[in-house]
1. When you scan region 28-57, how many residues do you find that are under 14 Å from residue 81 (Cβ atoms) and in contact (Cβ under 8 Å) with a residue 60 or more places away in the chain?
2. Give the residue that is farthest from residue 24 (Cα to Cα), with candidates limited to residues of region 58-79 that are without any contact (Cβ under 8 Å) to a residue 40 or more places away in the chain and in contact with a helix residue (DSSP H, G or I) (Cβ under 7 Å, 6 or more places away or on another chain).
């Protein structure tokens, strides 16, 4: 059992700039999630596209799923359709509907995307 994925550096480093601080991922069905660029550059972040040798199913977030282990599940976006690098934060679907802007698993909630 195993999956195939692209390490975050292959895609994210191309959009990196000092003026860009966050990335907005667009997803199917009108969903979107915002993730700080510094979190996307972590070594454990992946873009998953296969599981057990087969394309990732819709049920599991296919055709492309963002996996951000250090952030809670709503930041590990399913059904990724696009991404946009932004100089400032833009709220994603869940944040527009009352969720906190950012929560890190096993870390204190900073309450902001601009924590450094």
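Throughout, read-outs are computed from the coordinates displayed, never taken from laboratory work. Treat the numbers as computed from the prediction; the structure is a model and nothing was measured. Counting neighbours? That spans all protein chains shown, and the Cβs are built from the backbone with ideal geometry, glycine included.
1. Adding up the residues that qualify gives 4.
2. Step by step, filter region 58-79, then rank; the result is 70.
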